[in-house]
Every structure is written in C-alpha cells, then in structure tokens.
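Notes to accompany the following structure.
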Amino acid sequence: MTSAELRFRPAEAADWPAIWPVFQQVVTAADTYPYDPATDFAGGREIWLAPPPDRAWLVTDTDGTVLGTYKTGPNRAGPGAHVATASYMVAAAARGRGVGRAMVLHSIEQSRAGGFRGIQFNAVAATNTSAIKLYEDLGFRVIGAVPGGFRHPQQGFVDLLIMYLDLTGD
C-alpha cells in the first residue's frame, strides 16, 4: 500500500470496538507481545488507550477498514520522559502490505514533532524477525537483550531485545 492509501488519526475511546479484533488477534497469538493472552476487552482498552501523554493511533484504508493501530508515549516518566516508546499491531489481512512500515515511519515523525530525543523498544521478541528487520532498516539498533525473557508458544524461551533509534541527528 502507498502512504496515500492510508489514513492515520488519533484513536478515541469510541474506536476501541474496531481496534479490539486486531489487539485480540495479536495478543492471543502470544508470539510477539508480552501481554497476557487472556486480556479481555476492558483490559485491552486500558492497555492500548492509556491516558495522555500516551497516544494511540488508528490506521485505516480510504474506505475506513482498520488496517492497524499503534501507540506511543514516553518510555518512562520524569527524567526519562524525553525518550519515546511505541507498539504496533497490524491486522492479519493487512500484513505484508507496508502498513507496519508506514506506522513506524509515522511514529518516528510524531515522536520528533513531540520533542522526543529517541525511541526505545523495551521488549521485541527475538523471534519476531520481520519486525526486527523493519526496525533495523529504519535505523533502530539492538542495544541489549534479556536472555530468555519471552516465552514463545512454539519456540520456548527466547530473548527479548531492547532496540533504540536516536532522533537527535539530521
């Protein structure tokens, strides 16, 4: 998909029923996110639509079909609030069509516009090779790992990678 075919807008509470199927599908697969696979509708909404300064985004096609969602905000409060974090979820039917790349690029733009000096991912499952490749292609680098920090449903205990993108350069 081209970026012209995608619509990005801040997600609102009224969008949660449309976001929920994407969230539920990704979380219950238990192969990329460390969220509890038993997270219910209300619990998911609390995680994904957290109050400001966090912000969730809805990504649709021109017809309004939900293709994905992402959330971003400070990685930590206080003296660490100048570093952002982000999480992305792409609907199964939209995978492989450039939606993930478009969301990461959009989140980088939004983070820069918000004055963040970097973006840190705290928990990228080492088995999520397509996401890791995408992040590295966009300039993120692995800065650490938690050995065996993720319990993959098929591959057992795998590393959780910590990835970072410096936003202070040109």
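Assorted remarks:
- Within the stretch 26-48, residues that are within 21 Å of Asn128 (Cα to Cα) sit with their Cβ atoms under 8 Å from residues that are acidic (Asp, Glu) and part of a loop (DSSP other than H, G, I, E, B), at 6+ positions apart or across chains, in these pairs: Val27/Asp36.
- Unmet requirement for Pro17, which otherwise passes all of (1) more than 28 Å from Val158 (Cβ to Cβ); (2) touching a helix residue (DSSP H, G or I) at 6+ places or on another chain (Cβ under 8 Å); (3) open to solvent by 30 Å² or more (accessible area, probe 1.4 Å); (4) modelled with pLDDT of 95 or more: (2)
- Selection within the stretch 67-82 - in contact (Cβ under 8 Å) with a residue 12 or more places away in the chain and charged (D, E, K, R): Lys71
- Residue match in the stretch 96-103 (condition: exposed (fewer than 13 other Cβ atoms within 10 Å of the Cβ), out of contact with any Asp or Glu (no Cβ under 8 Å at 6 or more places or on another chain) and either touching a residue at least 12 places away in the same chain (Cβ under 8 Å) or not in a strand (DSSP E or B) (or both)): yes
- Restricting the stretch 95-120 to residues that are touching a helix residue (DSSP H, G or I) at 6+ places or on another chain (Cβ under 7 Å) and of a type in the set (A, V, I, L, M, F, W, C), the residue that is farthest from Gln25 (Cα to Cα) is Ile119.
Residue-by-condition table, conditions (1) out of contact with any Phe, Trp or Tyr (no Cβ under 8 Å at 6 or more places or on another chain); (2) open to solvent by 90 Å² or more (accessible area, probe 1.4 Å); (3) aliphatic (A, V, I, L, M):
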position: Ala125; (1), (2), (3): no, no, yes
position: Leu134; (1), (2), (3): yes, no, yes
position: Leu138; (1), (2), (3): yes, no, yes
position: Gly144; (1), (2), (3): yes, no, no
position: Gln155; (1), (2), (3): yes, yes, no
position: Tyr164; (1), (2), (3): no, no, no
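- Sole exception among (1) more than 21 Å from Pro37 (Cα to Cα); (2) of a type outside the set (S, T, N, Q); (3) open to solvent by less than 60 Å² (accessible area, probe 1.4 Å); (4) in contact with a Leu (Cβ under 8 Å, 6 or more places away or on another chain) for Val90, by number: (1)
The values are calculated or read from the model by the stated rules, or taken from the named source; none is laboratory data. Predicted model only: the values in this text are computed from it and were never measured. Note that each Cβ is placed from the backbone with ideal geometry, even for glycine, and that neighbours are counted across all protein chains shown. Side chains included, ligands, DNA and RNA excluded: accessible areas come from the protein's heavy atoms. Shrake-Rupley method; radii C 1.70, N 1.55, O 1.52, S 1.80 Å.
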